[in-house]
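**Student:** Could you have a look at this structure, given as structure tokens, before my questions?
The values are calculated or read from the model by the stated rules, or taken from the named source; none is laboratory data. Just so you know, these numbers come straight off a predicted model, no measurement behind them. As a convention, Cβ positions derive from the backbone with ideal geometry for all residues, glycine included, and neighbour counts pool all protein chains shown. We work out accessible area using only protein heavy atoms, side chains counted, and drop any ligands, DNA or RNA first. Shrake-Rupley method; radii C 1.70, N 1.55, O 1.52, S 1.80 Å.
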Amino acid sequence: QETRTITNTLTFDLNYGITDRLGVEVTLPYLWRSHHHIDGLGEEPTGEGEPTTFNANSIGDMTITTKYNLLPTLRSMMVMGFGVQLPTGSTQKKDSAGEVMEPSGQIGRGQVGLIGSLYQTYELIPHRLNEFAFGSYRHTFRNNQGYQFGDEFILNAGLNLVTVPWLVLSAQFNYRYLVHDNVSAS
């Protein structure tokens, strides 16, 4: 029985412009994960199960993304991105019972992922009001434990209003859809 999982993430993000249209981004997350569940519910002798905890903190999976600005104008921008998520995060962290935690609880995914994205912005009122939209898709391949994380779709859209130079109001809509994970193992 799952009780609670809390994940905190600190992300180091480095962007480098190769040309005025082409750039590279390196993203390296550091994760703190705390997980609690009850193992063996309904089993002998009492059926109450045994509380199990999992705590881990380390570097997660690094992503390297190339970005290309398709539409560089004074009022608008459209940036296409293609990224590769590298399996740099740990997949062998153990729970309080000394067992390796299942893949969905680990810090890393254990396999390469591919990410495609598109970002668009347009200044409706120059230097005052702009709109933005972002969409991305991530696919992770099956790892060595037979576990495949579900595909992820992200859509974001919103407005930014500059009221005074030090105050920007933002309204946005964020949508994230995850396909069920899949396991094929004995």
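**Student:** List the extent of the Cα atoms of the range 44-186 along each of their three principal axes, largest first, rounded to whole Å.
**Tutor:** Answer, in whole Å and largest first: 69, 30, 25 Å.
**Student:** Relative to the Cα centre, what is the charge dipole magnitude of the chain, using +1 at the beta carbon of each Lys and Arg, -1 at the beta carbon of each Asp and Glu, and rounding to the nearest 20 debye?
**Tutor:** 940 debye
**Student:** Stretched out fully, how many nm does the piece from V164 to H139 gain, at 0.36 nm a residue minus the Cα gap? Please list the in-between numbers first.
**Tutor:** Working: separation 25, 0.36 × 25 = 9.00 nm, distance 4.11 nm.
Contour length minus the Cα-Cα distance gives 4.9 nm.
**Student:** Would you mind computing Rg(Cα) / (2.2 N^0.38 Å) for the range 57-110, counting N as its residues?
**Tutor:** Numbers: Rg = 18.0 Å, N = 54, 2.2 N^0.38 = 10.0 Å.
Here the answer is 1.80, to two decimals.
**Student:** In a Gaussian network model over the chain where Cα atoms closer than 10 Å are linked, find which of A97, A171, A133 has the largest mean-square fluctuation.
**Tutor:** Fluctuation is largest for A171.
**Student:** Be a star and scan the range 137-160 for residues whose amide nitrogen sits under 20 Å from the point 7 Å along the Cα-to-Cβ vector of D13.
**Tutor:** Under cut-off, by backbone N: 137-139, 152-160.
**Student:** When all protein chains stay in place, what accessible area (Å², nearest 10, 1.4 Å probe) is found for Y177?
**Tutor:** Approximately 110 Å² of Y177 is accessible to the 1.4 Å probe.
**Student:** Less than 9 Å Cβ to Cβ from G105, Lys/Arg counted +1 and Asp/Glu -1: what total charge do the surrounding residues give?
**Tutor:** Local net charge: 0.
**Student:** Still on this model: Using alpha carbon centroids, what distance separates the range 161-175 and the range 136-155, in Å?
**Tutor:** Centre-to-centre (Cα) distance: 32 Å.
**Student:** Under the 0.36 nm per residue contour assumption, what length would be gained going from the current alpha-carbon distance of E123 and T66 to full extension? Provide the component values of the computation, followed by the final result.
**Tutor:** Numbers: separation 57, 0.36 × 57 = 20.52 nm, distance 2.45 nm.
This chain segment gains 18.1 nm when fully extended.
**Student:** Per-residue HN-Hα couplings for the range 54-59, Karplus 6.51 cos²θ - 1.76 cosθ + 1.60 at θ = phi - 60°, whole Hz, x for Gly and Pro?
**Tutor:** Karplus-based 3J(HN,Hα) across the range 54-59 equals 9, 10, 8, 8, 5, 5 Hz.
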